[in-house]
Amino acid sequence: MHFPEYRARRLRRTETLRSMVREVELNTSDFILPFFVMHGNGVKNPIEGMPGNFQLSRDNLLKEIDEPVRRGIPAILLFGIPEKKDPLGKEGYSDKGVVQQAVRAIKDTYPDLVVVTDVCLCEYTDHGHCGVIHKGEVDNDPTLDLLAKMSVSHVKAGADMVAPSDMMDGRVAAIREALDESGYEHTPIMSYAAKYASAFYGPFREAAGSAPQFGDRRSYQMDPANSDEAIREVGMDVDEGADIVMVKPALPYLDVIWRVRNTFDLPLAAYNVSGEFAMLKAAAQNGWIDHDRAMMEALTSIKRAGADLIISYHALEAVRILQGDRPKGIK
Ligand code: PBG
């Protein structure tokens, strides 16, 4: 293709022409919207660093889910903030747990909404790590039983899909086996397969109260410098029975999304995490960036990199725009 026979600008002249040759497009059905649920009534605590997001009690959660459902967002991802934390994260796998109760209420009200639950101990343990502690370290194998128990209890409450985010080795197989033994062989697992030890989870840990009380997560989450290892991690989860694999975070790891897309043919999710969301909001609040355009560009880049599903706190704002209903100002 050479100038002047080829002129790349010919197909850029009008919006109609551009729309005809556009390679990727965001759709409402691409999105999964995260929520944080806690005990109590009438609770709606704003989350600093994540404008427009709240810690919600069940009653308010049900109200907040109304618009996403009406607009056709197919799925939510649920995180729980327990009443009490302990070394083994017991509320995480209790039938009376905050997530279990919320799932029952959501499925009663919105039976067609796909409710995905995050499976991890860090919100429920007093030390804030994603597994049980033995001699000052996160002990992999004893954690697997607890994650399996948590998964079964979420599904028993009505969860449509479980999403383990702990990064213990072997957890997808352990969860698959436990679900199958309990008669839930039809329930899919979306595994956080390549999850990096990232600074971009900062605002989330405030929201979920899940910051580690000692050390950090680098002995179980991935080193940001590695992408060959991401292929191995995803491969393990595929072999263990994952139905959807995820790369997390999204924007600083678009190359990893692209590599996973080109290596595996499973549905691929990407998690546009709290820190990515917070950066955009902060810049927009300062008037330094056009919020809506930057948001749609960022989300499009995740889709272009190869993600089929995008987990994002922007999901509702983005869907409003896709449906021709631009909100005024930033949420
Ligand atoms: C729990 C979990 C985290 C996130 C999702 N599940 C935090 C972490 O690993 O510390 C981060 C989500 C976000 O930042 O939006 N393990």
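Just so you know, all these numbers are worked out from the coordinates, no wet-lab data involved. Bear in mind the structure is a predicted one, so any value in this text is a computation, not a measurement. FYI the Cβ positions are ideal-geometry reconstructions off the backbone, even for glycines, and counts take in every protein chain you see.
Table for the structure above
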item	result
Cα-projected label distance for residue 45 with residue 95, points at 7 Å along beta-carbon direction, nm	2.9 nm
Degrees separating the helix 254-263 axis from the principal Cα axis of the chain, which is the longest one	80 degrees
Kirkwood Rh (inverse of mean 1/r, distinct Cα pairs), segment 214-311, angstrom	14.5 Å
Calculated from backbone phi, Karplus (6.51, -1.76, 1.60) coupling profile of segment 161-175 in Hz, x at Gly/Pro	7, 10, 10, x, 10, 7, 6, 6, 6, x, 6, 5, 4, 5, 5
Fewest-first sequence of 258, 288 by Cβ atoms within 10 Å of each Cβ	288, 258
Solution diffusion estimate, µm²/s, Stokes-Einstein, the chain, Kirkwood Rh from C-alpha pairs, 4 °C, viscosity 1.567 mPa s	63 µm²/s
Degrees separating the helix 228-240 axis from the principal Cα axis of the chain, which is the longest one	60 degrees
Beta bridge orientation in the chain: antiparallel %, DSSP, nearest 5	15 percent
Chymotrypsin sites (Phe, Trp or Tyr not before Pro) within segment 78-161: DSSP coil, no more than 11 neighbouring Cβ in 10 Å	none
Qualifying chymotrypsin sites (Phe, Trp or Tyr not before Pro) in segment 2-49, DSSP loop, other Cβ atoms within 10 Å at most 14	6
Residue pairs, from the table 90/135; 63/281; 84/303; 149/195, whose Cα atoms sit over 27 Å apart	84/303
Förster radius 25 Å - calculated FRET efficiency between residue 83 and residue 135, Cβ distance, rounded to 0.05	0.30
Amide H within-cut-off set for residue 161, under 5 Å, with H built and near neighbours excluded	115, 117
Prolate/oblate/rounded label for segment 107-228 (Cα gyration tensor, a/c 1.5)	prolate
Ranked 85, 303, criterion: other C-beta atoms within 10 Å, fewest first	303, 85
Cβ-based exposure ranking for 219, 210, in which fewest neighbours within 10 Å come first	219, 210
Computed helical MRE - 222 nm, the chain, DSSP H runs ≥ 4 contributing -39500 (n - 2.57), nearest 500	-11500 deg cm²/dmol
